[in-house]
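The values are calculated or read from the model by the stated rules, or taken from the named source; none is laboratory data. Bear in mind the structure is a predicted one, so any value in this text is a computation, not a measurement. Backbone-built Cβ (ideal geometry, glycine too); neighbour counts: all protein chains shown.
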Amino acid sequence: MSVEKFTRQFLQADEEGRLETQDGSLASESGVEGLESRVCCGCSCLCDDISYQMRQGQVVRSLNLCQVGRKRLQDASAARQGADSGLTEGLLEDSLDKAAQILRTHGPVLFVGAEFLDEEAQQASVRLAKALGGIWVPWAFEAVRRFHQVACKMGWAAALLDDVRDHAEVVIFWRCDPLVTHHRHLSRYSFFARGRFTERGHHDRTLAAVGEKGCRIERLCKQFLDVPPDQDRALAESLRRGRAQEGFAHRDFDGIRKACEQGVYIAIFVDPEAVDPGTLETIFLWAAETNQAGGSRRVVILPLYRTGPNLEGFCQVSTAACGAPWGADFSEAAGRSIQRDWQELAAQGGCVFLLYPAGREESRPLPATIAGKPSIVLDPFSPSRADLLDVTIQVELGGLGAEGVFFRADGVPLRASGLPGLPRFGLKSAAEVLESLFTRIL
Amino acid sequence: MGKPVGPEGEKILVHAAAAYDPSQGWKGEVRDLFVARGRLSEPFPDPDRTIDAEGRPVLAGGIEPHGLFACPGLAFLEGCSGSEGRGDIGEGYARMGYVHVHQPLATLVTAGLVRHRLKGLSYVDASYSVALDLRDLGGLVRAGRGPEIGRVARELVRVTGGLGIFLACPFLKHRQRHYIQKNLTTKKVLAALSDLGDEGLYPVRILGYPGLLDELAERPGKFHVCGLGRVLETHDGLEKCAAFLDRGGRADLGLAVGEEEFVISCLPEPAAGPLSVDMGLPFPVSFSFRRICPGESIFENVLSLLCRAEPDWRLSLSVSGLTGGLGKGRPELLARFLCELHRTRGGDRPGCWDAEGLYALARLTRLEPARSLGLEDMGHLRVGARACLVVYDLRPDIREDRLAEALAECWCLVKDGVVIREEGTFTDGRVPCRVVSPPGRMDGVELRGTDLFENATLRMENLGVAGIGE
């Protein structure tokens, strides 16, 4: 639906008094405001074609929001309305004091989840972590580390999503499912999208996936390889060599092999967390050999992490701050990169500072080793969780109530400008809260 | 403490400085320089602050025309290098006496990223050139409709906030066989770009590669070769460079000596480096490193070319590196150049540099970069110029082994009338750092619906971050 059509339908519905708000209640008051070309920060696709219709500080209709974005919007809107009655300046100050007390006395602090924040908040969080000698990592730090280490070792052929859309004739999703994590990835960048040299969109492409039987993307794929994870490496090796390796067989292998041989441009999206390092190395080797062969064929590899929308921003902030993209342990020596796993890391933490609520969207449940330790959470969604954690500080959601810079999966930055006209209810942005804590502690 | 830049600013007298300014023929004559309202001014009484240079040399602030640290994928390379974080690049440049950095490479899609990163630099101003995508201009090039290309390029520059245009590769060769009729030869591209009908777009920057100078032989003045150093592998290359510059060609070296040199290539060749990125150009941009050591032919050729530089050569001395060549490479190259020039001219002074050398250095690192970027009020010490000047602690009898150190840590740096460094250390003076863009609207309305913007995944208003459209 075009923006024009959307607006026309909206106005017609408005005139007829059958307009519904996001929470389902009828709204027929005047004061409609249209907002076009907004950025959704629900995942790292950072769709910038979202339109909203607002009335009296509430979003009453949206265009192009996917399921993830819509849920995020609804939850944050509901929480904001909750804040209307509950949040006072005094309460916020009390929470900040209490949080500062915990941070001061329970080191080292484990900071988790900055990949959900905008760039400014990420910088504020790493500054705070440095000052406190804490551990600063994203939920997916093991995946980032794995991908980065293999890419450094093997050499990396990367691409902007624009180039994938323009060129990719074969698209392979390797143990990642954009229909679960990045709903509009296929339509905006990788499969349905029409590009410069893929003018017929998905008719010019072969879509293949490696994953578990029954995953959502299966029905779209021309070739679907439901191989067990322990055969991933054999599959990668077979693709690299152009023939099935001994002990490996799959009915769709010939199809994907042929597509790869005929395709000039192959884009592989991989979730490094779901793939073992050996497989990842083989995929990189395949890409390197193809790209160095001197022909016109090119294979590019792009990570598709199952985590927050601004992981790329996190990696950039982290690299600038400490030389590694997966965060740092400032408790040992300045900028030392982390080589341990989640459980060890969590066990080391004296308290945990969740920069985004655990267990929500693509954040993970906390490791068992952190259980029982003091915890603080910046939560744009659920003020009612205060009883479950030591300190919950409700904040504005980046890209909705607060403005901020987010980086798309390929590193292109976008400013999510927030929706004007939303009442603030005394809510602060994550960056403001982190700065306040920094001031309190130092 | 430095005052912030304002309508009044601080009135500064730089007293008894040996001034080097090729634009006025100053070769170390001891002068007083006056700064008021952020600009070099006519003499005035009662300055707020006097900096006594005591005969030390003063030059205009340095300008780097080949900085490369805001491309997609560079964070990955930094992570691979295993360093403890790159630190503050702007501070590194300021330490060496530089006030402006230009990145030649940005594309329509990456301009927002480049601008965002450059805005984060401290102390130095920045600018960038935006790459023309020949895939969007094929029809115009084949038809030789240069002025139409010029109009598109002008609008592209406006939309992205670039300071000029850049050509990553002067020919086009499609991957897919069925697009073969859309390929473009270098000759056709250069012919079309020589007739843009908009003098403000010249020089068009082209990334250097062996063989480019032959192609540019007919029309050297319209183009600026970024990274001439790559042609200097052989003696033949050296002669070609000299001939190109003799004919009025413009170029910067884009080469670091003595440290990991950072090489980018946009040619359709096998990508062998640690990173290659498709970033909206016909071919992937590949990044690799190599180490050039004294004694290698390329090193000797670089020095030889610099020492042969004629006053009318449009050559700039630039350094490419992951962090802008902020290690030892740049000052060591400059120091070797000064020493070599002194020796070549049969210098008999006890020190290792002379006024001719510093005069040549001022031209290569100040005046020529400013001219090639169109920064008219920078790169020289004329009255009315922006008050960006640097004093180095170069005594006439300084030993050769201390020369690089003196060039690496300037003694005093004034930028836009604010004293940033004094007596070899940073002051608490702060000056706003700008990303320099051409004046005019940057909303690209005129280009909506053209080929240029049909192929971006972002909407026009989101192509830039915090700056475009301001």
**Q.** One residue from A:V300, A:V275, A:V317 being surrounded by 24 or more Cβ atoms within 10 Å (Cβ to Cβ) and assigned to a strand (DSSP E or B)
**A.** A:V300
Q. Does B:F299 fit the bill of being at negative phi, surrounded by fewer than 20 Cβ atoms within 10 Å (Cβ to Cβ) and within 14 Å of chain A (Cβ to nearest Cβ)?
A. no
Q. Looking at the range A:202-231, which of its residues are acidic (D, E) and in contact with a strand residue (DSSP E or B) (Cβ under 7 Å, 6 or more places away or on another chain)?
A. A:E218
(Q) Take the conditions more than 24 Å from A:C41 (Cβ to Cβ), within 13 Å of chain B (Cβ to nearest Cβ) and either touching a His at 6+ places or on another chain (Cβ under 6 Å) or basic (K, R) (or both) and apply them to A:R297. Does it pass? (A) yes
**Q.** strands (runs of 3 or more DSSP E) within the range A:89-204 that include 3 or more residues buried (at least 21 other Cβ atoms within 10 Å of the Cβ) and away from chain B (no Cβ under 14 Å)
**A.** A:109-112, A:170-174
(Q) Condition first: buried (at least 24 other Cβ atoms within 10 Å of the Cβ), out of contact with any Leu (no Cβ under 8 Å at 6 or more places or on another chain) and in a loop (DSSP other than H, G, I, E, B). Can you find one or more residues in the range B:155-167 that meet it? (A) yes
Q.
Taking the condition of being among the basic types (K, R) and assigned to a helix (DSSP H, G or I), how many residues in the range B:201-238 meet it?
A. 2
Q) Would a scan of the range A:234-252 turn up a residue that is in contact with a helix residue (DSSP H, G or I) (Cβ under 6 Å, 6 or more places away or on another chain) and among the acidic types (D, E)? A) yes
Q) Which residues, counting only those in the range A:386-408, are in a loop (DSSP other than H, G, I, E, B), buried (at least 23 other Cβ atoms within 10 Å of the Cβ) and either more than 23 Å from the chain's Cα centre (by Cα) or within 14 Å of another protein chain (Cβ to nearest Cβ) (or both)? A) A:G399, A:R408
**Q.** Options B:E199, B:E239, B:E215: the member that is closer than 25 Å to B:R145 by Cβ and free of Cβ contacts under 8 Å to residues at least 24 places away in the same chain
**A.** B:E199
(Q) Out of B:F289, B:F262, I need the residue that is at pLDDT below 80, surrounded by fewer than 18 Cβ atoms within 10 Å (Cβ to Cβ) and out of contact with any Pro (no Cβ under 6 Å at 6 or more places or on another chain). Which one? (A) B:F289
Q. More than 26 Å from A:Q343 (Cβ to Cβ), modelled with pLDDT of 90 or more and either surrounded by fewer than 24 Cβ atoms within 10 Å (Cβ to Cβ) or not small (G, A, S) (or both): does that describe A:D84?
A. no
Q: Please find, within the range B:216-235, the residue that is surrounded by the most Cβ atoms within 10 Å (Cβ to Cβ) out of those that are of a type outside the set (A, V, I, L, M) and modelled with pLDDT of 90 or more.
A: B:C226
Q: State which residue pairs qualify: first residue at pLDDT below 95 and inside the range A:181-192, second residue assigned to a helix (DSSP H, G or I) and of a type in the set (S, T, N, Q) in any location, beta carbons under 7 Å apart, and separation of 6 or more residues or different chains.
A: A:H183/A:Q67
Q: Scan the strands (runs of 3 or more DSSP E) fully inside the range B:41-115 and keep the ones with 2 or more residues being surrounded by 24 or more Cβ atoms within 10 Å (Cβ to Cβ).
A: B:57-60, B:62-64, B:98-103
Q: Run A:F248 past the list (1) in a loop (DSSP other than H, G, I, E, B); (2) in contact with a Leu (Cβ under 7 Å, 6 or more places away or on another chain); (3) touching a residue at least 24 places away in the same chain (Cβ under 8 Å) and report the number of the one that doesn't hold.
A: (3)
Q | Subset of the range A:223-245 [of a type in the set (S, T, N, Q) and assigned to a helix (DSSP H, G or I)] | A | A:Q231, A:S238
Q.
Of everything in the range B:115-137, what is more than 10 Å from chain A (Cβ to nearest Cβ) and over 12 Å from the mean Cα position of the chain (by Cα)? Give them in sequence order.
A. B:L118, B:K119, B:L121, B:S122, B:Y123, B:V124, B:V130, B:A131, B:L132, B:L134, B:L137
Q. Failed condition for B:C241, given (1) crowded, with 18+ Cβ neighbours inside 10 Å; (2) modelled with pLDDT under 90; (3) not in a strand (DSSP E or B), with all others met?
A. (2)
Q. Scanning the range A:251-272 for residues that are under 31 Å from the mean Cα position of the chain (by Cα) and in a loop (DSSP other than H, G, I, E, B), which turns out nearest to the other protein chains (Cβ to nearest Cβ)?
A. A:V264
Q) With respect to B:A111, is the statement that it is among the aliphatic types (A, V, I, L, M), out of contact with any Phe, Trp or Tyr (no Cβ under 8 Å at 6 or more places or on another chain) and touching a residue at least 40 places away in the same chain (Cβ under 8 Å) true? A) no
